[in-house]
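The values are calculated or read from the model by the stated rules, or taken from the named source; none is laboratory data. The model shown is predicted, which means the values in this text are computed figures rather than measured ones. Neighbour counts are summed over all protein chains in view; Cβ atoms, including those assigned to glycine, are modelled from backbone coordinates with ideal geometry.
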Amino acid sequence: MYGIYGDIIDAAERALAGFEETQELLEYPEVQADKAYYLSVLSKYNELKVIKDKLSALQSALEEERAFSAMLSEASAEEERAAIYKEISSLKRIASGLSASLSNALGCKHAEERAYCKFKLKEASSKFGVALFSLIKSDLLSHGAKIEDEKVITAKGGFVQEISFIADGADVITRLMPLTGAHKVYVAQAKSEELCFAVTPAARVETAKESDFKIDVFHSQGAGGQNINKVETAVRVTHLPTGLVVVCQDERSQLRNKERALKTIEKRLKERSEQAEKQRMEADIRAQHSQKNTPISFDMATGTFTDTRLKAFSKVPFPLDEAQFTNYINGLIAL
């Protein structure tokens, strides 16, 4: 009845199963007498009321859209049809926004997240993978996320073999994780390939604390002009947690040697941390790519995709438009 919004609406209706009971509890004298319990029930009621109001608004927008769509068959004048189409477009945008808002009310938390993502594709699955990446990128950007370190590797055959990127922003892992796994791409009746997509949290490289460093000064043994062997201009910096040591004695002053040593050791620590994080992420990506029997599949012959978790997304023409894809992700989050 509600098309691509059906799963989100179903999830909201399930969440509202106890709404009337919660509302009645607020009227009970014994509940009102227990202040802590009353506030707990009131908080629950307010949460459900928000969901109820958003659900009602979404259903109203969809019903109004259907009413305008029915009017198209009766409208004959081009000007009248243009006005109806304008109203339908407006209602579609309203419904999309209400759907996202309802999904958030159902439990999509806003948390700043950073994720390393990778597609692994074969010749037949490449077409679907590139289209899916484009939709994912648009969805994340529309939610305020940043896409960094985007890399595309093309195979000798000319098709895209691998796409990797980092997504940084609110809820990026929440929005991406439902899409992970090795998905079937049906090429022919007896032939299929895999479209692999994996997501893993990407740690931000933390700046070392001042207390992590031990700094020693000593007489320089190298070039240093008149200060050599007279004042302690050489600097040795030790990173206590790792034991990494950097010595700098090329500058004439202790301050400059200290600055150079700290910059050098911080650069090496960053490189070491990034390398270790890259190895961890790649191991996690390989493990996710090995997952089989995901609920997502693509059919090359019909140009459709199916996600068995959502009844509205069975043999849907692919690629989706951006609004459809956003509602698809919102539906997965609301499950």
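Points to keep in mind about this one:
- Within the range 234-244, considering residues that are closer than 18 Å to K209 by Cβ and in contact with a helix residue (DSSP H, G or I) (Cβ under 8 Å, 6 or more places away or on another chain), the one surrounded by the most Cβ atoms within 10 Å (Cβ to Cβ): V237
- The lone exception for K127 - which of (1) in contact with a helix residue (DSSP H, G or I) (Cβ under 9 Å, 6 or more places away or on another chain); (2) in the same structural domain as V160 (by TED's automatic domain parsing); (3) surrounded by 14 or more Cβ atoms within 10 Å (Cβ to Cβ) it fails: (1)
- Residue that is farthest from D212 (Cα to Cα), among those in the range 246-268 that are in contact with a helix residue (DSSP H, G or I) (Cβ under 8 Å, 6 or more places away or on another chain) and not in a loop (DSSP other than H, G, I, E, B): C248
- Qualifying residue in the range 158-169 (condition: of a type outside the set (A, V, I, L, M, F, W, C), more than 30 Å from T264 (Cβ to Cβ), assigned to a loop (DSSP other than H, G, I, E, B) and modelled with pLDDT of 90 or more): yes
- Condition check for G129: over 20 Å from I285 (Cα atoms) and either out of contact with any Asp or Glu (no Cβ under 8 Å at 6 or more places or on another chain) or modelled with pLDDT of 95 or more (or both): no
- The C-beta contact set for the range 311-335 (first residue over 20 Å from K137 (Cα atoms), second residue modelled with pLDDT under 85 and of a type in the set (D, E, K, R), distance under 8 angstrom, 6+ apart or interchain) comprises K311/D7; A312/D7; A334/D7; L335/D7.
Here's the yes/no breakdown for (1) surrounded by 14 or more Cβ atoms within 10 Å (Cβ to Cβ); (2) in contact (Cβ under 8 Å) with a residue 40 or more places away in the chain; (3) not aliphatic (A, V, I, L, M):
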residue: K35; (1), (2), (3): no, no, yes
residue: Y38; (1), (2), (3): yes, no, yes
residue: L58; (1), (2), (3): yes, yes, no
residue: E65; (1), (2), (3): yes, no, yes
residue: F68; (1), (2), (3): yes, no, yes
residue: E74; (1), (2), (3): no, no, yes
residue: L91; (1), (2), (3): yes, no, no
